[in-house]
Structures are given as C-alpha cells and as structure tokens.
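A short worksheet on the structure shown next.
Coordinate-derived values only; no laboratory data. Note that this is a predicted model, so its numbers are computed, not measured. As a convention, Cβ positions derive from the backbone with ideal geometry for all residues, glycine included, and neighbour counts pool all protein chains shown.
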Amino acid sequence: MIKNVGTAENIRMEILRRVQGSADLGDSCRDCDIPVPRKVDPAGNGGCNWVIDELRVAQECVSPLKAVIAEMMREYDLA
C-alpha cells in the first residue's frame, strides 16, 4: 500500500480531525490534545516511521485515541 506523506503537524492535525469527528468518542475525548509525532526507524516500529510518545489524556480516552493513531500509522509516513 502506498502511504500518504505528511509533516508532523499535518499528521497531528489529521489525527485531531478524526478524533473530533468520531461519533464513538465522548466529548471529553474529542477535546483531547495530541502531541506532535516524532520520526523513528521504521524497522523497529512495524514499518511506520513515526510515533507519538505519550498521550496525556483521561484513561477512558487512551484506547480509542490509540486506535485512531494506529489507523493513521498505516496510512501516513512522516516527511
């Protein structure tokens, strides 16, 4: 699969757009802030060249946010 390529800020903004538009997330999760992704070696990260280090969100938001991030990691490479 060919991945989209985006800057760290573009990827962050797309994650936020998906989170804010998700009907599955409660209001408290939709208002979460996401850190900017950082570049990593894709060989040690399942083929994705970026990660988001730490989510500082309510516990009930961690799993749904990680699901959105995992989806983005399949679709995007960091420029």
Checklist outcome for this item: With -39,500 (n - 2.57) per DSSP H segment of 4 or more residues and division by the full residue count of the chain, the 222 nm estimate, nearest 500 deg cm²/dmol, is -13000 deg cm²/dmol
Checklist entry - Out of residues 5 or more away from D77 or on other chains, whose amide H comes under 5 Å of its own, with H placed 1.01 Å from N in the peptide plane? => result N4, V5, G6
Next on the checklist: Run through segment 12-73 and list the GluC sites (Glu not before Pro) located in a DSSP loop whose Cβ has at most 11 other Cβ atoms within 10 Å.
Outcome noted: E54
Next on the checklist: From the phi angles alone, apply the Karplus equation (6.51, -1.76, 1.60; θ = phi - 60°) to segment 13-21 and give each ³J(HN,Hα) in whole Hz, x where the residue is Gly or Pro.
Outcome noted: 5, 5, 4, 4, 4, 5, 5, 5, x
Checklist outcome for this item: Pseudo-spin-label distance R18 to V62, built 7 Å along Cα→Cβ, given in nm, is 2.0 nm
Checklist entry - Separation between the E54 and A70 pseudo-spin-labels, each 7 Å from Cα along Cα→Cβ, expressed in nm? => result 2.3 nm
Item to check | M1-D27 pseudo-label distance in nm [points 7 Å out on the Cα-to-Cβ vector] | outcome: 3.4 nm
Checklist entry - Residue-wise, which Karplus ³J(HN,Hα) couplings in Hz belong to segment 33-45, taking 6.51 cos²θ - 1.76 cosθ + 1.60, θ = phi - 60°, and x for glycine or proline? => result 9, 10, x, 6, x, 10, 6, 9, 6, x, 5, x, 9
Checklist entry - What is the chain's relative contact order, in percent, from Cα pairs under 8 angstrom and six or more apart in sequence? => result 42 percent
